[in-house]
Amino acid sequence: MKRLSRSTPILLAAVLAYSLTAFLPVNASTAIEHEWHFKVYLDNKAIGHHYFRVTREGKHEKLDTRADFDVTFLKLPFFTYRHENTELWYDQCLKSIASTTDQNGDLFSVQGTTNDRGFHLVTRDSETTLPACISTFAYWDKSFLQNDRLLNSQTGEYLDVDVEELCEKSIRVRNRNVSANHYKLTAEALDIDLWYSGDDQWLALQSTTSKGRVLRYVIE
């Protein structure tokens, strides 16, 4: 079976069988700060969804995300992607991460937490200690663009990144045109375009895969 590139961005998406509430329960004492529901397209074909929820837990922010993609060819399964991730944040620093990914049968696991030596990270293939204050590709918080290195929450790779601010652009959001700030993020094989509103709310994402196909996140 053919596979999409390993470098396909990890935002990756869709709970087709049950609702967001079903897989991301919220305690009564937890305050929901923001939610994003994205419909995901490969070129012009819908392939799934990606859901994000940020909640406040005391002084910490907690991110829960789930992605579910299914690509078919002539109605036959061609590529599947399942990704679940929970991150705990404090003062724009990642405090812990627990993610699992099944990318077309290739399994990934990333577990990490801060300790007195830094950020201890364990994947299926390695174990290492990173600086104490690191960030993932935290698209939901625009401040992550200030970092020159980011943790890939699928593979556990700690990547050098470049961020370029482009011209303001009008994009279509929920059936209306809105003005958005446009940024391009590159890291090794990753090539990602991001759009944010004037008050820094995440609006859209687009990425070109190594095969030249376009992955798009359209907010619902």
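The values are calculated or read from the model by the stated rules, or taken from the named source; none is laboratory data. The shown structure was predicted, so the numbers you read here are calculated from the model rather than taken from an experiment. All Cβ positions, even for glycine, are placed from backbone atoms using ideal geometry, and neighbour counts span all protein chains on display. Just the protein is used for accessible areas: all its heavy atoms, side chains included, with ligands, DNA and RNA removed. Shrake-Rupley method; radii C 1.70, N 1.55, O 1.52, S 1.80 Å.
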* So, of the residues in the stretch 151-188 that are under 17 Å from the mean Cα position of the chain (by Cα) and among the hydrophobic types (A, V, I, L, M, F, W, C), which turns out to be farthest from residue 98 (Cα to Cα)? -> 163
* Which condition number in (1) open to solvent by 50 Å² or more (accessible area, probe 1.4 Å); (2) farther than 21 Å from residue 61 by Cβ; (3) not polar (S, T, N, Q) is the one that residue 200 fails? -> (2)
* Please find, among 199, 106, 125, the residue that is among the acidic types (Asp, Glu) and modelled with pLDDT of 95 or more. => 106
* **Single residue of the stretch 72-95 satisfying the filter (modelled with pLDDT of 95 or more and of a type in the set (A, V, I, L, M, F, W, C)) that is most open to solvent (accessible area, probe 1.4 Å)** => 88
* How many of the residues in the stretch 130-143 are out of contact with any Leu (no Cβ under 7 Å at 6 or more places or on another chain) and either without any contact (Cβ under 8 Å) to a residue 12 or more places away in the chain or more than 20 Å from residue 194 (Cα to Cα) (or both)? -> 3
* To do: Within the stretch 109-148, track down each residue that is in a loop (DSSP other than H, G, I, E, B), closer than 29 Å to residue 202 by Cα and open to solvent by 20 Å² or more (accessible area, probe 1.4 Å).
  => 131, 132, 133, 137, 140, 141, 147, 148
* Somewhere in the stretch 55-62, is a residue more than 12 Å from the chain's Cα centre (by Cα), loosely packed, with under 15 Cβ neighbours inside 10 Å, at pLDDT 50 or above and not in a strand (DSSP E or B)? -> yes
* Where in the stretch 162-214 are the strands (runs of 3 or more DSSP E), entirely inside, with at least 1 residues that are of a type outside the set (D, E, K, R) and either within 20 Å of residue 43 (Cα to Cα) or in contact (Cβ under 8 Å) with a residue 24 or more places away in the chain (or both)? -> 169-173, 176-187, 190-196, 202-208
* Verdict on residue 98 being in contact with a helix residue (DSSP H, G or I) (Cβ under 7 Å, 6 or more places away or on another chain), open to solvent by less than 50 Å² (accessible area, probe 1.4 Å) and not in a helix (DSSP H, G or I) -> no
* To do: Return the total of residues in the stretch 34-54 being more than 24 Å from residue 88 (Cβ to Cβ) and either of a type in the set (D, E, K, R) or open to solvent by 70 Å² or more (accessible area, probe 1.4 Å) (or both).
  => 4
